[in-house]
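Participant: One structure, as structure tokens, below. Some questions next.
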Amino acid sequence: MTPRIFRRALVAATAVALTVTTTAIAAPDNHQPPAPARLGALVPAPVWSQARQHDDFKLTPGTKVVATTRDASGVAAYLATVLGLHPGVADHGRGNAITLRLGHDPRIGTEGYTLDIRHGGVELAANTSDGLFEGVQSLRQLVHAGTLPGGSVLDYPRFEHRGAMLDVARHFFGVDDVKRYIDEIAMFKINYLHLHLADDQGWRIEIKSWPNLTAYGASTEVGGGPGGYYTQDQYKDLVAYAESRHITIVPEIDMPGHTNAALASYAELNCDGVAPPLYTGTSVGFSSLCVAKDITYRFLDDVIRELASITPGPYLHIGGDEAHATTPADYQTFMHRMLPIVAKYGKIATGWHELAKTNPDPSALPQYWGTDSTDTDVAAAAARGNKVIMSPANKTYLDMKYNPNTPIGQKWAGLIEEKDAYGWDPGTFLDGVPESSVQGVEAPLWTETIVTMADIEYMAFPRLPAIAELGWSPWSTHDYDDFARRVAAQAPTWDAMGINYYRSPQIPW
Ligand code: NGO
């Protein structure tokens, strides 16, 4: 992380943090009942925790955040900012301090942490700065009226991959909105943000060798609005911001279908050489790149090369869904030419689960978005060694309505209330895809009907925390009533941050 980026990240975090700080160290409100045992209020639920009475730690303006090594100082500075405290580096914290320590604890892996809160001081330990960052998210949730509840936590994730997806193609969302979403999902230990960067309605990432993709192909969106795109510098800034929140960006260019914006921008990409008009509707499955033309692969080689060069994360998502305007034979031909291009630029391919039909290399990650518990192609891929990302549309799609009266959203995959989002097991959902074949979960937010940041928040909260918990917490902790109580405990923080969440009747707010 460069110092310049870090400063910018801190400034942006402060806006969110200031209000949170007020709740963190304000005097207890006499009108409220005594604070409950808050150690049990974490979302996602931790692997193990034990409360200790009479061992609470009081935060004061003099409390220091201490990093015992330089490697821990980035996360320490972030924690200090979100709690409004003073960061420093020292061998060990003494007295009134929250100490962050990097060590070698075989129990907690690369993203786990241990937390020890005592009257005399707080110690957070992990093997990596990722682990410290996840521990910091727990600390943030535990602060109540200036107090951290006494006790110990040992925690690590069930799945390596815990994702959110934002469709910036159907409606475009600018850099500040995406950064706000990054801050919001980071609170729930989400570690991947998948950006759906190209679809029929718009191309959203600058590709310097094909400038018309953005000059023309980004100029509208669903409903005919102005659209927009990220310059490569803006995208790099987003990647760096996500990195400062220990989140990896997974960029998606959907292909060979969902490509009208590209086909409209370059006539030569069409089999008949005629560019279609820009599209602002919401139908799917009508567009296809021309599988037989060589220029298609020169185009995609350029796109993948440029995108890979500004994407430090391991994955590139190549879509592959709903290629109804491509014949099955062409789909095979297309993917067999595309997958090596992704590999050539040093990236691992991920794609919607239709990709599984093409017998991809076992490193490829199909993303299951169906609603059934059976998919023989995905099960066969799992048997060949492919890991699967679970995004069943009837559980994880954040664009589905909560109930028939939800003013925005769709319902083709069903209504998804909080209990539905929470009530499934990624490790057993799909026949032939056992837990050992599941890389993790992702909650996609498609934006045909989602126009503002407030819309994003309304659809994501409180369902995103449900999916985050399925990705992080051991199945042994799974209990809806307990989960709902813990989500309700987050509401004051969401209120302080101005998050426009849905007041689900299934949560005891
Ligand atoms: C489908 C479709 C998307 C839609 C979405 C709406 C996938 C993978 N392809 O999911 O184009 O936006 O449903 O819910």
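Rule-based calculations on the coordinates, nothing more; no lab input. The shown structure was predicted, so the numbers you read here are calculated from the model rather than taken from an experiment. No Cβ is skipped: glycine too gets one built from the backbone with ideal geometry, and neighbour counts run over all protein chains shown.
Participant: Report the antiparallel proportion of the DSSP beta bridges in the chain as a percent, rounded to a multiple of 5.
Facilitator: Working: 19 of 63 bridges.
For the chain, the DSSP antiparallel bridge percentage is about 30.
Participant: Summing +1 for each Lys or Arg and -1 for each Asp or Glu, what net charge is found among the other residues whose Cβ lies under 9 Å from the Cβ of Y345?
Facilitator: On the way: positive: R305, K344, K347; negative: D301.
Taking every other residue near Y345 into account, the sum is +2.
Participant: In nm, to one decimal, how far is the modelled label at Q234 from the one at V89, with both set 7 Å along Cα→Cβ?
Facilitator: 3.6
Participant: Checking the cross-link filter: which lysines have an alpha carbon closer than 23 Å to that of K411, excluding same-chain neighbours under 8 positions apart?
Facilitator: Partners within reach: K395, K401, K419.
Participant: In terms of Cα to Cα distance under 16 Å, which aspartates and glutamates are near enough to K357, apart from those fewer than 8 places away along the same chain?
Facilitator: By straight Cα distance, K357 reaches D321, E322, D330, D375, D377.
Participant: Set Lys and Arg Cβ to +1 and Asp and Glu Cβ to -1, take the dipole of the chain about its Cα centre, and tell me which of G281, F334, H104 lies farthest positive.
Facilitator: H104
Participant: If you don't mind, another one. Just want the answer: with Cβ charges of +1 for Lys and Arg and -1 for Asp and Glu, which residue in L154, G217, I182 is farthest toward the dipole's positive end in region 146-232?
Facilitator: Towards the positive end, the residue furthest out is L154.
Participant: I've got another one for you. Please get the size of the charge dipole for the chain, origin at its Cα centre, with Cβ charges of +1 on Lys and Arg and -1 on Asp and Glu, quoted in debye to the nearest 20. Let's see the in-between values first.
Facilitator: Working: 40 positive and 57 negative charges, 290 e Å.
Dipole size: approximately 1400 debye.
Participant: Please go through the residue pairs K208/K236; K179/K236; K58/K189; K347/K387 and name each one whose alpha carbons sit more than 19 Å apart in this structure. Kindly include the intermediate steps, with their values, before the conclusion.
Facilitator: Working: K208/K236 14 Å; K179/K236 12 Å; K58/K189 25 Å; K347/K387 16 Å.
In this structure, K58/K189 lie more than 19 Å apart at Cα.
Participant: When the helices in the chain are scored as -39500 (n - 2.57) per DSSP H run of 4 or longer and the sum is shared across all residues, what 222 nm value do you end up with, to the nearest 500 deg cm²/dmol? Kindly include the intermediate steps, with their values, before the conclusion.
Facilitator: Working: 16 runs with 168 residues, N = 509.
So the calculated ellipticity at 222 nm is -10000 deg cm²/dmol.
Participant: Have a look at region 95-189 and give its Rg and Dmax from the Cα atoms, expressed in angstrom.
Facilitator: Answer for region 95-189, Rg first and Dmax second: 16.0, 53 Å.
Participant: Please tell me the relative contact order of region 451-509 in percent, rounded to the nearest whole number, where contacts are Cα pairs under 8 Å and at least six residues apart.
Facilitator: Working: 35 pairs, mean separation 30.9, N = 59.
Reported as a whole number, the value is 52 percent.
Participant: With N set to the residue count of the chain, report its C-alpha Rg divided by 2.2 N^0.38 Å to two decimal places.
Facilitator: Against the empirical 2.2 N^0.38 Å value, I get 0.98 for the chain.
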